[in-house]
Amino acid sequence: MEHRKISRAVISRLPRYHRYLGDLLEEGVERISSNDLSKKMQVTASQIRQDLNNFGGFGQQGYGYNVKYLYTEIGKILGLDKTHNFIIIGAGNLGQALANYASFERSGFILKSLFDVNPRLEGMSIRGVQVRMMDELVDFLKNNDIEIAALTIPKSKAVEVADLLVENGIKAIWNFAHTDLTLPKDVVVESVHLSDSLMQLSYNITRKKELRKNK
């Protein structure tokens, strides 16, 4: 496939395509048109065709999309045909919730360990994955092929820990700490600010209430 710059908007829709196609597979659907897929995803058929044309199209005029093939190909684009070892820094409530999410393994993300500074958590096991202390982190990274680190720690420690991770070979950070990270360009950072989502929800609720009042 030719490499070209794909917009973040298109990339953000790929996991949704993959999820909906997975649902269709479970329902036994073998093929689907862009029009039918658009109704499920609430994205226009034209947008779906434009998105998929970035990667070669995959459809046949008059036939639509082979669901299994498209699901597999989008999985490859997302890198889900490979395994990705990851760790979680911060074994509090959020870190433990992530560790308990079994769907990660089905998508090829293999949790290898959690790390924390709280000695009461040392040796605890979450779905068979051990919680280690932060002073073990550097040696663990040296001896294990870890690609991704999830940060579920207070923002006051996030920058320091992120720098330590990068110094020891981590190339991708899933950042749940409520702060932005400035890291080398070859390090991929995906930030998840939960409060931002709530604020957007609050905005939309407020706007709907105002619209109802003005009717």
**Asked** Based on DSSP, what percent of beta bridges with both residues in the chain are antiparallel, to the nearest 5?
**Response** 20
**Complete:** The alpha-carbon center of the stretch 129-202 and that of the stretch 8-66 are separated, in whole Å, by 32
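In percent, what relative contact order does the stretch 80-215 have, based on Cα pairs under 8 Å that are 6 or more apart in sequence?
Details: 197 pairs, mean separation 26.7, N = 136.
Dividing the mean separation by the residue count of the stretch 80-215 yields 20 percent.
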**Prompt:** So how do 149-158, 37-46 stack up, highest first, on mean other-Cβ count within 10 Å?
**Reply:** 149-158, 37-46
**Message:** Springs between alpha-carbon pairs under 10 angstrom, Gaussian network model over the chain: which of GLU27, GLU190, GLU122 fluctuates most?
**Reply:** GLU27
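Share of antiparallel DSSP beta bridges in the stretch 75-132, in percent to the nearest 5? Mind showing how you got there, number by number?
Values: 2 of 10 bridges.
Restricted to the stretch 75-132, the bridges split so that about 20 percent are antiparallel.
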**Item:** Surrounding net charge for LYS155, when Lys and Arg each add one and Asp and Glu each subtract one, Cβ distance under 15 Å
**Value:** -3
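If you scale each eigenvalue of the Cα gyration tensor by 5 and take the root, what three semi-axes come out for the stretch 60-215, rounded to whole angstrom and sorted largest first? Show your work: numbers first, answer last.
Working: eigenvalues 200, 129, 51 Å².
Largest first, the stretch 60-215 gives 32, 25, 16 Å.
Going from the alpha-carbon gyration tensor of the stretch 98-164, what semi-axes, largest first and in whole Å, does one get by taking the root of 5 times each eigenvalue?
Each semi-axis is √(5λ); the values are 19, 15, 13 Å.
Excluding VAL117 itself, what net charge comes from residues whose Cβ is under 14 Å from its Cβ, given Lys and Arg +1 and Asp and Glu -1? List each step's numbers first, then the result.
Numbers: positive: ARG120, ARG132, LYS157; negative: ASP116, GLU122, ASP135, GLU136, GLU160.
Surrounding charge for VAL117 is -2.
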**Message:** Using only the alpha carbons of the stretch 23-107, what is the convex hull's orientation-averaged projected area in square nanometres?
**Reply:** 7.3
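Carbon and sulfur atoms: what percent of the 1.4 Å accessible area of the chain do they account for? Numbers along the way, then the final one.
Values: 6770 of 13700 Å².
On the chain, the fraction of accessible area on carbon and sulfur atoms equals 49 percent.
For the stretch 1-126, give the magnitude of the charge dipole about the Cα centre (Cβ charges: +1 Lys/Arg, -1 Asp/Glu; no others), in debye to the nearest 20. It would help to have the intermediate numbers written out before the result.
Numbers: 16 positive and 12 negative charges, 76 e Å.
Roughly 360 debye, rounded to the nearest 20.
Need one word for the stretch 124-215: rounded, prolate or oblate. Basis is the Cα gyration tensor (sqrt eigenvalues a ≥ b ≥ c); a/c below 1.5 gives rounded, then a/b vs b/c decides.
Numbers: a/c = 3.45, a/b = 2.33, b/c = 1.48.
Prolate is the answer for the stretch 124-215, as a/c is 1.5 or above and a/b outweighs b/c.
So if each residue of separation counts as 0.36 nm, and I subtract the Cα-Cα distance between LYS76 and SER12, what length gain in nm does that give?
Details: separation 64, 0.36 × 64 = 23.04 nm, distance 1.52 nm.
That works out to 21.5 nm of additional length.
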**Request:** Choose one answer from PHE176, PHE58, PHE115: the residue with the largest mean-square fluctuation in a GNM of the chain with alpha-carbon springs under 10 Å.
**Result:** PHE58
**Request:** Can you find, among SER103, LEU21, VAL10, the residue farthest towards the positive end of the dipole of the stretch 9-119? Put +1 on the C-beta of Lys and Arg, -1 on that of Asp and Glu.
**Result:** VAL10
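Quick one: net charge around THR182, please, counting Lys, Arg +1 and Asp, Glu -1 for every other residue with C-beta under 14 Å from its C-beta. Don't skip to the end; give the middle numbers.
On the way: positive: LYS155, LYS185; negative: GLU160, ASP163, ASP180, ASP186.
Taking every other residue near THR182 into account, the sum is -2.
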**Message:** With a 10 Å cut-off between alpha carbons and a GNM built on the chain, which of GLY123, GLY28, GLY90 moves the most?
**Reply:** GLY28
**Prompt:** Each label point is 7 Å from the Cα along the Cα-to-Cβ direction; what then is the distance between the points at ARG127 and SER195, in nm?
**Reply:** 2.8
**Message:** Given a 1.4 angstrom probe, what's the average accessible area per residue across the stretch 4-65, in square angstrom?
**Reply:** 64
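The values are calculated or read from the model by the stated rules, or taken from the named source; none is laboratory data. This is a predicted model, so every value here is computed, not measured. Using ideal geometry, Cβ is built from the backbone for each residue, glycine included, and neighbour counts are taken over all protein chains shown. When the accessible area is computed, the model is the full protein with side chains, heavy atoms only, and any ligands, DNA or RNA have been set aside. Shrake-Rupley method; radii C 1.70, N 1.55, O 1.52, S 1.80 Å.
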